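Below is one structure, written out as structure tokens; comments come after it.
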Amino acid sequence: MNSKSGLLQPLAPTEDLNRPLFQRIAIGLAAVLGVALLINGVVMLMVPFAWYKAVPGVMETGPFNQHLLRDIALLYALIGGALITGAVRPSYRVACWGTPTLWLTGHAIFHFWEIAVGICGPAVIPCDFPAVTMPALIGIGLTLWAWRTQSRDKLALVRLPKFGSASIRRHKDRPVGRGADKR
């Protein structure tokens, strides 16, 4: 808001994404999605056949396979835990939201590939969207927001050494150059 004119003025994109309300919404969305995916994973682990029968569209993907279902249940539980961790630990958000988003996005792309090659018809898109595509889109949005708002100093990236004459540091007690390691 421009205080001189009293009119609402649009904020610059970076300002808008750093506003406390948007931050609370993003963190809340991550927490809700994380809890939902964690519960889904736990239910899949505890009562796999009931889950298989109850979730629309799952029975059409193939016969019940308890082992495979529980493997995927572990993924969902871990993804849910990672999203929750990112919601409560700001310094880990990019990793805790980005890594699960890779799997969620791959899963969504795989579902679209099944439609493209004729394994499933386009009629499954509305059924798949809330449980498959939407979590991937939310994850992408959350990860981009976290990456954009997290300061560079807090990113846990490994910095590779620069090679070349400008990056060589000379120390009084450490020779530099070929054979310097052979004392």
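A short reminder: the numbers here are calculations on the coordinates, not readings from a lab. Treat the numbers as computed from the prediction; the structure is a model and nothing was measured. Here the Cβ positions follow ideal geometry from the backbone for every residue, glycine too, while neighbour counts run over all protein chains shown.
Most tightly packed first, judged by the mean number of other beta-carbon atoms within 10 Å of their residues, the peptides 90-98, 55-63, 32-40 read 90-98, 32-40, 55-63. Considered as an equivalent ellipsoid built on the Cα gyration tensor, the stretch 73-142 has semi-axes of 27, 10, 10 Å, the largest given first. Sequentially through the stretch 78-93, phi angles give Karplus couplings (6.51, -1.76, 1.60; θ = phi - 60°) of 5, 4, x, x, 5, 5, 5, 4, x, 5, 9, 10, x, 5, 9, 4 Hz, Gly and Pro residues having no value and appearing as x.
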